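Notes follow the structure.
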Amino acid sequence: MPLVRPFETSFGRQTVRDVLLVRLRTDVGDGWGECVAMADPFYSSEYVFGAEDVIRGYLAPALFAAGDVTAEQLSALFAPVVGHRMSKAVLEIAALDAELRAAGESFGLRFGAVRDSVDCGVSVGISPTIDALLDEVSGYVEKGYRRIKLKIKPGWDLEPVAAVRDLLGDAALLQVDANTAYTIADVEHLRELDRFGLLLIEQPFVEEDIRSHVALALAIETPVCLDESIVSTEVAIDAIERGATSVINIKAGRVGGYLEAVAIHDACLERNVPVWCGGMLETGIGRAANVALAALPGFTLPGDTSASDRYFEEDLTDPFVLRDGRLDVPTGPGSGVTVREELVHDFASRAPVELRE
């Protein structure tokens, strides 16, 4: 899927989104899922061809061998396969889509949504110049996005943040995302971000380094948010109790599926820790599930649930359109969206792989 503009972070620059889709045919109907793994193992250890391989070699055979099975049972079914949460998540959401379409129930109703639309933020990549960054941010503000997130890295942090804060004014919601680009040696430098009144700083250190996030949270006023570190409900609770984070970004693919994402939401809600829905440049297939998830009560901060035209000229579903800074939660059965199969065919980089019981 060609992106409407390059998207650069501390781990690389993307001009296309390599999308792995799963269509699950069941005796109650079909379901669709979108795997959030990237083309290369730079953001995560998971990547598109690896996800295909683990689905083909391990997860699909386990699914077929199980016979009658529900989406809720897949986590236990797939437990013998260590990790590979993004691969597991795409099969879970495809199964859930099929189940709920047959039952006439929406993702929002199944997850526990309490809103019919959600506030939307936008993630802004690293730009070639400050002027180019301000032009891009101004465009998103004009479209009505309610929160701006800036990607940062060493050498691209204080100056762009200062420029965008001046552009937006003090009252606007502004946050930054480091994608693990810093180390504990950068605490004093990161403390300088306090003067910009940020909503949060997201994942400055590597995933496994909870201790350094605890130290940073004690050293700065800006709330620390964990993203890549949060891979399960248990890890989320541990990070909260240790003081490593006061905000959590929930990405369903990263935690193994939407049912685990709901469980993390519930644990955070019990502890009065706000959550928000992260994005992985999803097409409308994945975006539909994200918007439904973001309608749960604990999602009190705008997520990266941007409109379709933020990333794609044409989406694989009817486009999600921003209205007054919000996206409507689909109400139809399952994901509530219809996959444009002709576009899937047109964009396909190779023929589908068909797996049978």
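The values are calculated or read from the model by the stated rules, or taken from the named source; none is laboratory data. Bear in mind the structure is a predicted one, so any value in this text is a computation, not a measurement. Glycine also receives a Cβ, built like all others from the backbone with ideal geometry; neighbour counts cover every protein chain displayed.
Would you be able to tell me the number of residues in the range 38-47 that are among the hydrophobic types (A, V, I, L, M, F, W, C) and surrounded by fewer than 20 Cβ atoms within 10 Å (Cβ to Cβ)?
Matching residues across the range 38-47 total 2.
For residue 279, are the conditions met, namely being closer than 25 Å to residue 19 by Cα and not in a loop (DSSP other than H, G, I, E, B)?
So residue 279 does not fit the description; no.
So in the range 12-37, with the set limited to residues that are crowded, with 16+ Cβ neighbours inside 10 Å and touching a Phe, Trp or Tyr at 6+ places or on another chain (Cβ under 6 Å), which one is modelled with the lowest pLDDT?
By that ranking, first place goes to 14.
Here are the criteria: (1) out of contact with any strand residue (DSSP E or B) (no Cβ under 6 Å at 6 or more places or on another chain); (2) farther than 24 Å from residue 348 by Cα. Tell me which single one residue 102 does not satisfy.
For residue 102, the failing item is (1).
Residues that are of a type in the set (S, T, N, Q) and surrounded by fewer than 22 Cβ atoms within 10 Å (Cβ to Cβ): does the range 294-314 have at least one?
yes
For the range 208-267, please list each of the helices (runs of 4 or more DSSP H) lying entirely inside it that holds at least 2 residues being at pLDDT 95 or above, over 21 Å from residue 74 (Cα atoms) and not assigned by TED's automatic domain parsing to the domain that holds residue 48.
In the range 208-267, 210-219, 233-241 are the helices (runs of 4 or more DSSP H) which contain 2 or more residues that are at pLDDT 95 or above, over 21 Å from residue 74 (Cα atoms) and not assigned by TED's automatic domain parsing to the domain that holds residue 48.
Show the residue pairs meeting these rules: Cβ distance below 6 Å; 6+ apart or different chains; first residue within the range 97-108 and at pLDDT 95 or above; second residue among the hydroxyl-bearing types (Ser, Thr, Tyr) and surrounded by 21 or more Cβ atoms within 10 Å (Cβ to Cβ).
These pairs meet every condition: 97/335; 107/335.
In the list 63, 77, which residue meets the criterion of being closer than 19 Å to residue 22 by Cα, touching a helix residue (DSSP H, G or I) at 6+ places or on another chain (Cβ under 6 Å) and touching a residue at least 12 places away in the same chain (Cβ under 8 Å)?
Going through 63, 77 in turn, just one is closer than 19 Å to residue 22 by Cα, touching a helix residue (DSSP H, G or I) at 6+ places or on another chain (Cβ under 6 Å) and touching a residue at least 12 places away in the same chain (Cβ under 8 Å): 77.
Working only within the range 152-161, note down all residues that are under 16 Å from residue 136 (Cβ atoms) and either without any contact (Cβ under 8 Å) to a residue 24 or more places away in the chain or not acidic (Asp, Glu) (or both).
152, 156, 160, 161 - these are the residues of the range 152-161 that are under 16 Å from residue 136 (Cβ atoms) and either without any contact (Cβ under 8 Å) to a residue 24 or more places away in the chain or not acidic (Asp, Glu) (or both).
Tell me whether the range 158-171 contains one or more residues that are closer than 20 Å to residue 327 by Cα, outside the structural domain of residue 6 (by TED's automatic domain parsing) and not aliphatic (A, V, I, L, M).
no
Can residue 257 be described as closer than 23 Å to residue 8 by Cβ, in contact (Cβ under 8 Å) with a residue 40 or more places away in the chain and within 16 Å of the chain's Cα centre (by Cα)?
Here the answer is no, as residue 257 does not meet what is asked.
Among (1) surrounded by fewer than 16 Cβ atoms within 10 Å (Cβ to Cβ); (2) modelled with pLDDT of 95 or more; (3) among the basic types (Lys, Arg), which single condition is residue 350 missing?
Among (1) surrounded by fewer than 16 Cβ atoms within 10 Å (Cβ to Cβ); (2) modelled with pLDDT of 95 or more; (3) among the basic types (Lys, Arg), the lone unmet condition for residue 350 is (2).
Out of everything in the range 337-347 that is part of a loop (DSSP other than H, G, I, E, B) and out of contact with any helix residue (DSSP H, G or I) (no Cβ under 6 Å at 6 or more places or on another chain), what residue ends up being surrounded by the fewest Cβ atoms within 10 Å (Cβ to Cβ)?
Top of the filtered list is 338.
Scan the range 287-334 residue by residue and report those that are among the small types (Gly, Ala, Ser), part of a loop (DSSP other than H, G, I, E, B) and in contact with a helix residue (DSSP H, G or I) (Cβ under 9 Å, 6 or more places away or on another chain).
295, 298, 306, 307, 325, 332 - these are the residues of the range 287-334 that are among the small types (Gly, Ala, Ser), part of a loop (DSSP other than H, G, I, E, B) and in contact with a helix residue (DSSP H, G or I) (Cβ under 9 Å, 6 or more places away or on another chain).
What are the pairs, 6+ residues apart or on separate chains, where a residue within the range 46-60 that is free of Cβ contacts under 8 Å to residues at least 40 places away in the same chain has its Cβ under 8 Å from a residue that is of a type in the set (D, E, K, R) and in a helix (DSSP H, G or I)?
Hits for this filter: 59/88.
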